[in-house]
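Participant: The structure is given below, and queries will be raised subsequently.
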Amino acid sequence: MDLQHWLGQANDAIQQWADTFGPYERHPSLLVEDDRFAAAFEEFTGRLTDNYPFFHPHYAGQMLKPSHPAAVVGYLTTMLINPNNHALDGGPATARMEREAVAQLAAMFGYDTHLGHLTTSGTIANLEALFVARELHPGRGVAYSADAHYTHGRMCHVLGMKGYPIPTDDRGRISLDALEETLRTGEVGTVVLTAGTTGLGTVDPIHTALALRDRYGVRLHVDAAYGGFFTLLAGTAGPEGITPEPWRAIARCDSIVVDPHKHGLQPYGCGAVLFRDPEVGRFYLHDSPYTYFTSTDLHLGEISLECSRAGASAAALWLTFQLLPPTPDGLGRVLGGRPPGRPALGRADPRIRRP
Ligand SMILES: Cc1ncc(COP(=O)(O)O)c(C=O)c1O
């Protein structure tokens, strides 16, 4: 797809829409002479050269990736309108796109029911999951592996909960023996399991931890901010194949965080939190004197801690999912490095040769 062509189309489409509202005069502050802008733009683009080549296949220094061209066009087109997904009063079209994209994320993990929304980041998404955990288990703490993202310890502090870092085994996975020892104290209400640790990409044994929930009555939260989209490769074989058990077990956990702005090919400003039980929406209950007037449908601000959020983020994700849905043959194909049309290999596929 030709990015320049579609950015031009974006401008035309938004102008056509704007014209339906009748003529108006642009505010003088918006009328900038090209010559004046050129000088600022030259300095601006010069400064931007002080960056690392995230787009380059030889660059593997950080988890940053360039956004998919569809995400760029989706984001920039919507930014020309600038809707706010806090409420249907601020961004009706993009709020609906957000609900559709979030439903696709929930289906990707195998949730039959869900309540969820996009967030500005994985940090805020995890904060929301731990906030709900605190409401359900007041006075009890949160256990997470010593290799879990630092945000868990930090957010425990913010929420006034005690954090319990649990040692890891020699592969960087949470030690279930050490975890169980801590759970025996009865002081822990929630266990955070990581699907793709930030440092090593390790996946905790989520399937084995399910039994601990039943035994100790704890909540299980999966931080899949970094690794979540790799669930699309679970059960496939070949170089990209991934052991399926922990990934399949995520469907039975209570909440999930996944960051489309990591492996979902989105620009920054796009995390997501999903709850298996939609009833947890009651913990968010509040009223707003400024919004929630235009519809009796659910406003996303009614089920999130953040207020204003870019509708453009939801639009970018929705448009990307039209091309690459979060399915094994959609985004999974990209993550597995498979060329278009080549099916995922199953475990029993005769083309797989093992050493
Ligand atoms: C596992 C995990 N959780 C949470 C986060 C925090 O996400 P964000 O940087 O979007 O706030 C990260 C970021 O690297 C992460 O890898």
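Participant: How high is the relative contact order of the chain? Use alpha-carbon pairs under 8 Å, at least six apart in sequence, and give a whole percent.
Facilitator: Values: 593 pairs, mean separation 85.1, N = 355.
24 percent.
Participant: Can you put His117, His27, His86 in order, fewest other beta carbons within 10 Å first?
Facilitator: Listed from fewest to most nearby Cβ atoms, that is His27, His86, His117.
Participant: Per residue of region 300-305, what does 6.51 cos²θ - 1.76 cosθ + 1.60 with θ = phi - 60° give for ³J(HN,Hα)? Whole Hz please, x for Gly and Pro, Karplus curve as stated.
Facilitator: Each residue's phi maps through the Karplus curve to give 4, x, 6, 10, 9, 7 Hz.
Participant: Once the piece of chain linking Leu3 and Asp297 is laid out straight, how much longer is it, given 0.36 nm per residue of separation minus the C-alpha distance between them?
Facilitator: Using 0.36 nm per residue and subtracting the Cα-Cα distance, I get 102.3 nm.
Participant: Return the distance in nm (one decimal) between the two label points of a simple spin-label model at Leu64 and Ala39, each offset 7 Å from Cα along Cα→Cβ.
Facilitator: Result for the modelled spin labels: 3.0 nm.
Participant: Follow-up question, since we're still on this one. Helix 34-48 against the longest principal axis of the chain: what's the angle in degrees, Cα atoms only, rounded to the nearest 10?
Facilitator: Helix 34-48 and the main axis of the chain meet at about 20 degrees.
Participant: Take every Cα-Cα pair in the chain and report what % of them are more than 39 Å apart. Kindly include the intermediate steps, with their values, before the conclusion.
Facilitator: Working: 13415 of 62835 pairs.
For the chain, the share of Cα pairs beyond 39 Å comes to 21 percent.
Participant: Using θ = phi - 60° and the Karplus curve 6.51 cos²θ - 1.76 cosθ + 1.60, what whole-Hz ³J(HN,Hα) does each residue of region 319-325 get, with Gly and Pro shown as x?
Facilitator: For region 319-325, the Karplus curve yields 5, 4, 5, 5, 8, 10, x Hz.
Participant: Another one. Only counting other Cβ atoms within 10 Å, I'd like Leu118, Leu76 sorted with the fewest neighbours first.
Facilitator: Working: Leu118 32, Leu76 19.
Neighbour counts put them in this order, fewest first: Leu76, Leu118.
Participant: Let me ask you something else. Give, as a single signed number, the net charge of other residues whose beta carbon lies under 14 Å from the beta carbon of Thr78, with Lys and Arg counted +1 and Asp and Glu -1. All intermediate terms of the calculation are to be shown ahead of the outcome.
Facilitator: On the way: positive: Arg96, Arg309; negative: Glu98.
Result for the neighbourhood of Thr78: +1.
Participant: Given the peptides 125-136, 47-58, arrange them by the average over their residues of other C-beta atoms within 10 Å, most packed first. Spell out each step's value before the answer.
Facilitator: Values: 125-136: 23.0, 47-58: 8.5.
So the order, starting with the most tightly packed, is 125-136, 47-58.
Participant: Residue-wise, which Karplus ³J(HN,Hα) couplings in Hz belong to region 212-223, taking 6.51 cos²θ - 1.76 cosθ + 1.60, θ = phi - 60°, and x for glycine or proline?
Facilitator: Whole-Hz 3J(HN,Hα) from phi for region 212-223: 5, 4, 5, 5, 10, x, 9, 8, 10, 10, 9, 8.
Participant: Something else about it: Net charge within 12 Å of Leu115 by Cβ-Cβ distance, Lys/Arg positive one each and Asp/Glu negative one each, not counting Leu115 itself? Kindly include the intermediate steps, with their values, before the conclusion.
Facilitator: Values: positive: Arg99, Arg276, Arg282; negative: Glu128, Asp254, Asp277, Glu279, Glu302.
Computed value for this residue: -2.
Participant: Within a Cβ distance under 9 Å of Val257, other residues only, what is the Lys/Arg minus Asp/Glu net charge?
Facilitator: Details: positive: none; negative: Glu128, Asp223, Asp259.
Result for the neighbourhood of Val257: -3.
Participant: If you place +1 on the Cβ of every Lys and Arg, -1 on the Cβ of every Asp and Glu, and leave all else neutral, what size is the dipole of region 181-247 about its Cα centre, to the nearest 20 Debye? The partial results should precede the final answer.
Facilitator: On the way: 4 positive and 7 negative charges, 35 e Å.
Charge dipole, region 181-247, about its Cα centre: 160 debye, nearest 20.
Participant: Using a simple charge model, +1 on the beta-carbon of Lys and Arg, -1 on the beta-carbon of Asp and Glu, nothing else, what dipole does the chain show about its Cα centre, in debye to the nearest 20? Each step should come with its number before you reach the end.
Facilitator: Values: 29 positive and 38 negative charges, 259 e Å.
It comes to approximately 1240 debye.
Participant: Sticking with this one: In Å, what Rg and Dmax follow from the Cα atoms of region 110-287?
Facilitator: Both quantities, over Cα of region 110-287: 15.2, 52 Å.
Participant: Around Leu193, which amide H atoms from residues at least 5 apart in sequence, or from another chain, sit under 5 Å from its own amide H, with H modelled in the peptide plane?
Facilitator: Sorted by chain and number, the residues that satisfy this are His221, Val222, Asp223.
Participant: Continuing with this model, one more query. Quick one: which residues, 5 or more positions from Ile242 or on another chain, have an amide H under 5 Å from its amide H? H modelled 1.01 Å from N in the peptide plane, none for Pro or chain starts.
Facilitator: Gly235, Thr236
Participant: May I pose another question? Estimate the FRET efficiency between Glu25 and Ala93 by the formula 1/(1 + (r/R0)^6), using the beta-carbon distance for r and 22 Å for R0, to the nearest 0.05. Could the numbers behind the result be given before it?
Facilitator: On the way: r = 26 Å, r/R0 = 1.19.
After rounding to 0.05, the efficiency reads 0.25.
We did not get these values from a lab; they are worked out from the coordinates using the rules stated. If you're wondering where the values come from, they're calculated on a predicted model, not measured in any experiment. With ideal geometry, Cβ positions are generated from the backbone for all residues, glycine too; neighbour counts draw on all protein chains shown.
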